[in-house]
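Structure first, then comments.
Nothing in this text is a laboratory measurement; each read-out follows from the coordinates by a stated rule. Predicted model only: the values in this text are computed from it and were never measured. All Cβ positions, glycine included, derive from the backbone under ideal geometry; neighbour counts span all protein chains shown.
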Amino acid sequence: MFRSILSGDMPRSVVLSVVLTAIFVGLALAPFLFPGVRTVDTAARISVFIVLVASYDLLLGYGGIVSFAHTMFFGIGAYGVALGLTHLGRGFDAILIGALGGTLVSAVLALLIGLFSLRVRAIFFAMITLAVASAVAVLASQLSGLTGGEDGLTFKLPRELGPAFKFGKEALGGELFGVKLNGKLLAYYFVFIGALVLFLLLLRVVNSPFGRVLQAIRENDFRAEAIGYRVVYYRVAATCLSASAAALAGALYAVWLRYVGPDTTLSMELMIDILLMVVIGGMGTMYGAVVGATLFVVAQNYLQNLMGAASGLVEGMPVLPQLLSADRWLLWLGVLFILSVYFFPTGIVGRLRNGR
Amino acid sequence: MTTAAPKHKPKMAELSLGQRLAPWMPVLLVPVLVALGAIAIPQTSSWLTLTVSGLAMGMMIFIMASGLTLVFGLMDVINFGHGAFVSIGAFVGVSVLLVLGQMSGAPSLGLNLIALLLAVIGAMAATGAVGWAFEKVIVMPVYGHHLKQILVTMGGLIVVEQLIVVLWGPEEIYITRPESLKGAITFAGAALEKYRLVAVVVGLIVFAAMRFVLRRTKIGLIVRAGVQNGEMVEALGYRLRRVFVGVFIAGSALAGLGGVMWGLYQEVITAHMGNDAMILIFIVVIIGGLGSVEGCFIGALLVGLLQNYVAYIEPKAALISNIALMVLILMWRPMGMIPVVKAK
């Protein structure tokens, strides 16, 4: 039963199992274990980013294709929900239509880009996605009539997902373990369960025969073609799947934030964050996405304060305060990124699995 | 029943006109685009202004992109961190110009040019040195591994951008061009900015120099042979790795030169300007054919001209037009306009 939920892909390491269980329990019970606006927000972000990073890993870790347009698909999904809720009223049907619409647009766009670039050389894909993604980001801020431009869109969720909606008054007195039972709680579980289902689906995909072929192509595309698999089709299919999953993750993110804008969903910085999460967690394994996204988001929220404190300590010395200031944390991530590509290409999860 | 083998009948036929013209087709695209621009923009004076600024922009993109395409052709190394050299070049060059404020502010052409020359030399020396370090530290361990190259050079780009912010501060720096390069001259009713004319001239000189080195010198011969078949060149006793390091340094220095020119063109520099320029650079090297300098030159001119024409007619479509150009050209020639034939 448990094995089939995980599609037969067990963690295969005691430490990793403990870490994954801790993350799962932490996220599943986040509103009860760590009550507080900021911590629950962090937990929701982690859930969304796990799906986003896992879908990117399908492309990078399993397919061996580098894409710089993953935030574009993420953003399309988020904008889909935003437009649905803005124009179709605040209902669950609007969320559904918006999410599906965004997913469809993403998949078609991925198909076009994939057919164009992957049929010639896989390396074109990285460059073309970079160009297309930046064009879309510029377009999103220029078409302000549709997308709200730089300001983005703020929209209303269905009433059941808002803080004003209360439930369980008679049975539980409106509280459970001291946590208020309101729509915000429901919204969290909407995001969490959505993310869990998507993640398990992705796990299913990479452990299917299709996933095996992708791995074969990653290792030796010439040989895979010789055995009789059409490499281009598999690569394009992986691109489309990964784009759809990213769009759905974007839809969840939009539901959680109740806002979309170019900076939160389309920016190049976000793309770099995703790359870092994949590489640090471990390429070529879905659990790497879980570990990477959790570590990264927690670090982003709490480590920056620490760096600020460290910068305060070395106040007065020459360059050091600037190197350590909280704004420069991307510098250290970049260094970490390069080092981990060289020395830990399998990331944290690969290390844990091999170090038994 | 036996069927005799068909008789071997070799024929000597001259290549048809179409076949002989085919390799030159991309060259024709530039005048075609200029002519289309003249049709779409009725006022001759604005068309002339736009054409000159399109050519200037194309030349600058070419200077920045040429190093990238050569590095790829020679060693199959794809450098996503190339934009970092553009940024470094711009920051070093502009710093030199700001230090020499007296010279570049003086209303004398000679002093201005000396200041500009010093800025360019400073920028090229700095980017050449950084390029050498970049090659040693970041690129060398990942030869022959595209996926890792893309990831690692991207990481290098992030680090360099952040270091620029550490050294020069996070604010964008506004600069003014040297005194005698400000303003415009009027020609046939069209206002042509002096700086853009200078950019066109510099671009032509760089292109001519590159072609001269590649076609007429021994080192150029080795580089071109290396692009076609590296193993064979090594078998003949040349250390291709050394040649490659040289090409990498030269390409980085050119990116630095492009960075200074691009910074003075925009009159503002930011740490991520190199990354922004990379988008156009990638489009140019893809449509030109990865590894081909001539293709890169033609591609850069096409992108520069198209961007300026479209921005005049419909400003919002400018960036999309370049993507459309790339799509069209890849449909016509999937390997780029002048594909590089690899003997592999």
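Given contacts defined as C-alpha pairs under 8 Å and at least six residues apart, what's the relative contact order of chain B, whole-number percent? Before the final figure, lay out each step's value.
Details: 510 pairs, mean separation 115.1, N = 344.
It comes to 33 percent, rounded to a whole number.
Taking only C-alpha pairs under 8 Å that are 6+ residues apart, what is the relative contact order of chain A in percent?
Over chain A, the number comes to 29 percent.
Going by amide H atoms built from the backbone, whose H comes under 5 Å of the H on residue B:338, apart from near neighbours?
Excluding prolines and chain starts, which carry no amide H, the hits are B:289.
What is the distance in Å between the Cα centres of the stretch A:240-297 and the stretch B:261-335?
Centre-to-centre (Cα) distance: 29 Å.
Would you mind giving the mean number of other chain beta-carbons within 10 Å of the Cβ of each residue in A:264-277, as a whole number?
1
Charges only on Cβ, +1 for Lys and Arg, -1 for Asp and Glu: so what's the dipole of the stretch B:179-244 about the Cα centre, in debye to the nearest 20?
Magnitude of the dipole: close to 220 debye.
Could you pull the Cα extents of the stretch B:1-107 along its three principal axes, largest to smallest, in whole Å?
93, 45, 21
What residue among B:3, B:225, B:275 has its Cα farthest toward the positive end of the dipole of chain B, where the charges are +1 on Lys, Arg and -1 on Asp, Glu, each on the Cβ?
B:3
Given the peptides A:148-157, B:91-100, arrange them by the average over their residues of other C-beta atoms within 10 Å, most packed first.
Packing proxy ranking, top to bottom: B:91-100, A:148-157.
Is the stretch A:2-354 best put as rounded, prolate or oblate by its Cα gyration tensor, with a ≥ b ≥ c the root eigenvalues, rounded for a/c under 1.5, and otherwise prolate when a/b is larger than b/c, oblate when not?
rounded
Can you tell me the order of B:17-26, A:180-189, B:46-55, B:149-158 when each peptide is scored by its average per-residue count of other Cβ atoms within 10 angstrom, highest first?
Put in order of decreasing packing, that is B:149-158, B:46-55, A:180-189, B:17-26.
What is the list of residues in the stretch A:1-30 whose amide nitrogen lies under 17 Å from a point 7 angstrom out from the Cα of residue A:201, following Cα to Cβ?
Hits in the stretch A:1-30 for residue A:201 at 17 Å: A:5-7.
Identify the trypsin sites (Lys or Arg not before Pro) of the stretch B:200-249 meeting these criteria: DSSP loop state and at most 12 other C-beta atoms within 10 Å of the C-beta.
Details: sites: B:211, B:215, B:216, B:218, B:224, B:239, B:241, B:242; in loops: B:239.
Counting only loop positions with at most 12 other Cβ atoms within 10 Å, the trypsin sites (Lys or Arg not before Pro) in the stretch B:200-249 are B:239.
At 10 °C and a viscosity of 1.306 mPa s, what translational diffusion coefficient does Stokes-Einstein give for the protein assembly as shown, taking Rh as the Kirkwood radius over Cα pairs? Give it in µm²/s as a whole number. Kindly include the intermediate steps, with their values, before the conclusion.
On the way: Rh = 27.5 Å.
Reported coefficient: 58 µm²/s.
Would you work out if the stretch A:128-191 is rounded, prolate or oblate? Take a ≥ b ≥ c from the square roots of the eigenvalues of the alpha-carbon gyration tensor; rounded if a/c is under 1.5, else prolate when a/b is larger than b/c, oblate otherwise. Walk me through the numbers on the way to the answer.
Values: a/c = 5.63, a/b = 2.99, b/c = 1.88.
In terms of gyration-tensor shape, prolate.
When you look at the Cβ of every residue in B:72-83, what mean number of other chain Cβ atoms sits within 10 Å?
1
Can you tell me the length gained on complete extension of the stretch residue B:241 to residue B:40, counting 0.36 nm per residue apart and subtracting the Cα distance?
67.5 nm
Taking +1 at the Cβ of each Lys and Arg and -1 at the Cβ of each Asp and Glu, which of B:323, A:8, A:91 sits farthest along the dipole of the protein assembly as shown towards its positive end, judged by Cα position relative to the Cα centre?
Of B:323, A:8, A:91, it is A:8.
Average partner chain C-beta neighbours within 10 Å, per residue of B:317-323?
The shielding value for this peptide is 4.
Would you work out the charge dipole size for the protein assembly as shown about its Cα centre, treating the Cβ of every Lys and Arg as +1 and the Cβ of every Asp and Glu as -1, and quote it to the nearest 20 debye? Present the calculation step by step, with values, prior to reporting the outcome.
Working: 46 positive and 31 negative charges, 417 e Å.
In debye, rounded to 20, the protein assembly as shown gives about 2000.
Using the Cα gyration tensor of the stretch B:136-291, with a ≥ b ≥ c the square roots of its eigenvalues, what is the shape: rounded (a/c below 1.5), prolate (a/b larger than b/c) or oblate (neither)? Please list the in-between numbers first.
Details: a/c = 2.58, a/b = 1.38, b/c = 1.87.
Judged from the Cα gyration tensor, the stretch B:136-291 comes out oblate (a/c at least 1.5, b/c at or above a/b).
What's the angle, to the nearest 10 degrees (0 to 90), between helix B:218-228's Cα axis and the longest principal axis of chain B?
Once rounded, one gets 60 degrees.
Give, in nm to one decimal, the length gained when the segment between residue A:313 and residue A:143 is fully stretched (0.36 nm per residue of separation minus the Cα-Cα distance).
Extra length from residue A:313 to residue A:143 when fully extended: 56.6 nm.
Sorted by packing (mean other beta-carbon atoms within 10 Å per residue), highest first, where do A:228-235, B:245-252 land?
B:245-252, A:228-235
Using the 10 angstrom Cβ neighbour count as an exposure proxy, how do A:256, B:332 rank, fewest first?
Going from least to most buried by this count: B:332, A:256.
Would you mind ranking A:95, A:274 so that the residue whose beta carbon has the fewest other beta carbons within 10 Å leads the list?
The most exposed by this proxy come first: A:95, A:274.
So how far, in whole Å, is the C-alpha centre of the stretch A:149-227 from the one of the stretch A:1-18?
Using only Cα atoms to place each centre, the spacing works out to 20 Å.
How large is ³J(HN,Hα) for each residue in the stretch B:176-183, as worked out from phi by the Karplus curve 6.51 cos²θ - 1.76 cosθ + 1.60 (θ = phi - 60°), to whole Hz, x for Gly and Pro?
Result, rounded to whole Hz: 10, 6, x, 3, 7, 9, 6, x.
Two decimals is fine: what's Rg over Rh for the stretch A:121-279, C-alpha atoms, Kirkwood radius as Rh?
Radius of gyration relative to Kirkwood radius: 1.09.
When the Kirkwood radius is taken over all Cα pairs of chain B, what Stokes-Einstein diffusion coefficient follows at 25 °C and 0.890 mPa s, in µm²/s?
Working: Rh = 21.4 Å.
Translational D for this selection: 115 µm²/s.
Given Cβ point charges of +1 (Lys, Arg) and -1 (Asp, Glu) and nothing else, what value in debye, to the nearest 20, does the dipole of the stretch A:2-354 about its Cα centre take?
The dipole of the stretch A:2-354 has a size of about 740 debye.
So for the stretch A:2-354, taking the charge dipole from beta-carbon charges (+1 Lys/Arg, -1 Asp/Glu), which of A:52, A:75, A:208 sits furthest toward the positive end?
Towards the positive end, the residue furthest out is A:208.
Based on the alpha-carbon set only, what is the convex hull volume of the stretch A:1-149 divided per residue, in Å³? Spell out each step's value before the answer.
Numbers: hull volume 25.6 nm³, N = 149.
Measuring per residue, one finds 171 Å³ for the Cα hull of the stretch A:1-149.
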